[in-house]
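Notes to accompany the following structure.
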Amino acid sequence: MKERLNYFINNKGTKPVDHFHKKLGKIMWDKCGMARSEKGLKEAISEIQELKKEFWKDVKVPGSLNEFNQELGKAGRVADFIELGELMCKDALNRNESCGGHFREEYQTEEGEAMRDDENYAYVAAWEYKGENAEPQLHKEELKFENIKIAQRSYK
């Protein structure tokens, strides 16, 4: 942890933390929002990976380590947000259905309604971090419904 904080303070970057936070937010809003597509999610993953490289190379955190430094705390959070954003896009890409408020453009009925796939996606997903530059591992916990019948919904 201290090594990471020292890195931020000693990095000779040129762009403030907010620059990266806003770029990540735009990628997520445009490509991993309520409506998504395979193409957009793949683009988002690639863009976030490039943003991550740029962040670690060019982030500038003013101030010092031994003072109250809001920018230092923000840098750590944005580094985490970048990792989380990439994982969210991978999770959304992995789920080949439209479900609830998340709509995959490729998975819709002829009427434009969300097309669920409960046979293949009735599970809770948890992703295990496997280290820097390693693919996370998906763990699934099956959802069992005893008192209700899951069915295609109409949001009309």
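Quick one: which residues, 5+ away or cross-chain, put their amide H under 5 Å from the amide H of Arg104? H built at 1.01 Å from N.
Excluding prolines and chain starts, which carry no amide H, the hits are Arg36, Ser98, Cys99.
Among Glu113, Glu135, Glu43, which one shows the highest mean-square fluctuation when the chain is modelled as a Gaussian network with alpha-carbon springs under 10 Å?
Sorting by GNM fluctuation, first place goes to Glu135.
Restricting to bridges with both residues inside the chain, how much of the DSSP beta-bridge set is antiparallel, in percent to the nearest 5?
Roughly 65 percent of the DSSP beta bridges within the chain come out antiparallel.
Say the dipole of the range 47-154 comes from +1 at the beta carbon of Lys and Arg and -1 at that of Asp and Glu; which of Tyr123, Ile48, Gln70 then lies farthest toward its positive end?
Result: Gln70.
222 nm [θ] for the chain, helices only, -39500 (n - 2.57) per DSSP H run of 4+, per residue, to 500?
Here the helix-only value at 222 nm equals -15500 deg cm²/dmol.
Cross-link list Lys26/Lys130; Lys52/Lys90; Lys39/Lys90; Lys23/Lys60: which exceed 18 angstrom alpha carbon to alpha carbon?
Distance filter (> 18 Å) returns Lys26/Lys130.
Can you give the relative contact order of the chain as a percent, counting alpha carbon pairs under 8 Å and 6+ residues apart?
Worked out over the chain, it gives 22 percent.
When the chain is modelled as a GNM with alpha-carbon springs shorter than 10 Å, which of Glu83, Glu132, Glu38 fluctuates the most?
Of the options given, Glu132 has the highest mean-square fluctuation.
Only sites in a loop by DSSP and with at most 12 other Cβ atoms within 10 Å count here; which trypsin sites (Lys or Arg not before Pro) in the range 1-106 make the cut?
Those that pass, being in a loop and sparsely packed, are Lys12.
Could you tell me the relative contact order of the range 65-156? Use alpha-carbon pairs under 8 Å, at least six residues apart, and round to a whole percent.
After rounding, I find 18 percent.
Where the eigenvalues come from the Cα gyration tensor of the chain, what are the semi-axes √(5λ) of the equivalent ellipsoid, largest first, in whole Å?
37, 17, 13
None of the figures in this text is laboratory data; all of them are computed from the coordinates on show. Small disclaimer: the values here were computed from a predicted structure and weren't measured. All Cβ positions, even for glycine, are placed from backbone atoms using ideal geometry, and neighbour counts span all protein chains on display.
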